[in-house]
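Report on the structure given below.
The values are calculated or read from the model by the stated rules, or taken from the named source; none is laboratory data. Bear in mind the structure is a predicted one, so any value in this text is a computation, not a measurement. Cβ placement follows ideal geometry from the backbone for every residue including glycine, while neighbour counts extend to all protein chains displayed.
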Amino acid sequence: MSAAPGAVGKKSGGRTIAAKALIIQEFKRRLRDNVKSLNDNFFHIINAAKVTEDASTTKSSSGKMTEFFTAKNEMAVRAALMVRAADELYKLTNELKEFLVLHDFNFLTQAERECDEALRKQTSAYTALRLEVAGINMDIDRELSENFNFLY
């Protein structure tokens, strides 16, 4: 029966890892889409701002005004789309921060446990080494006092 809870823990751990992977993929997709939207709309605004010397539009002032208002409206729409994409990127940034805060506490506690375990191992290795050096020191002191009659 003790194997069953461990297996359940592993399954739920695998599910959480898979869920995190899906969330990260969604974040990447949203980032890619919003940056693409910013770039595309900026490119089209620059293209719409170019002055064209088409002979058919220069014949009448109404043709010039039509072209002007069409370009103006297109730029306004594209600017609004850029603002929306920038707002989505801002929201994505906040969601990423929230995701990292909420999901990395497990990582932090696991890292803290691993660090504590490594510290215990290093402390025990240091203590063993210190005792070994103290033993060697005592042997050297004993040899010196027995063979060379040094007084301390």
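List of remarks:
- Taking residues in region 77-90 that are more than 11 Å from SER37 (Cβ to Cβ), and partners anywhere that are of a type outside the set (S, T, N, Q) and assigned to a helix (DSSP H, G or I), the pairs with Cβ atoms closer than 7 Å and at least 6 places apart or on different chains are ALA79/ILE45.
- Residue match in region 8-27 (condition: at pLDDT below 90 and not in a helix (DSSP H, G or I)): no
- Being among the aromatic types (Phe, Trp, Tyr) and at pLDDT below 90 is a property that does not hold for PHE42.
- Entry remark, region 98-152: residues being surrounded by 10 or more Cβ atoms within 10 Å (Cβ to Cβ), at pLDDT below 90 and under 30 Å from ILE17 (Cα atoms) number 15 in total.
- Residue check for GLU88: part of a helix (DSSP H, G or I) and surrounded by 13 or more Cβ atoms within 10 Å (Cβ to Cβ): yes
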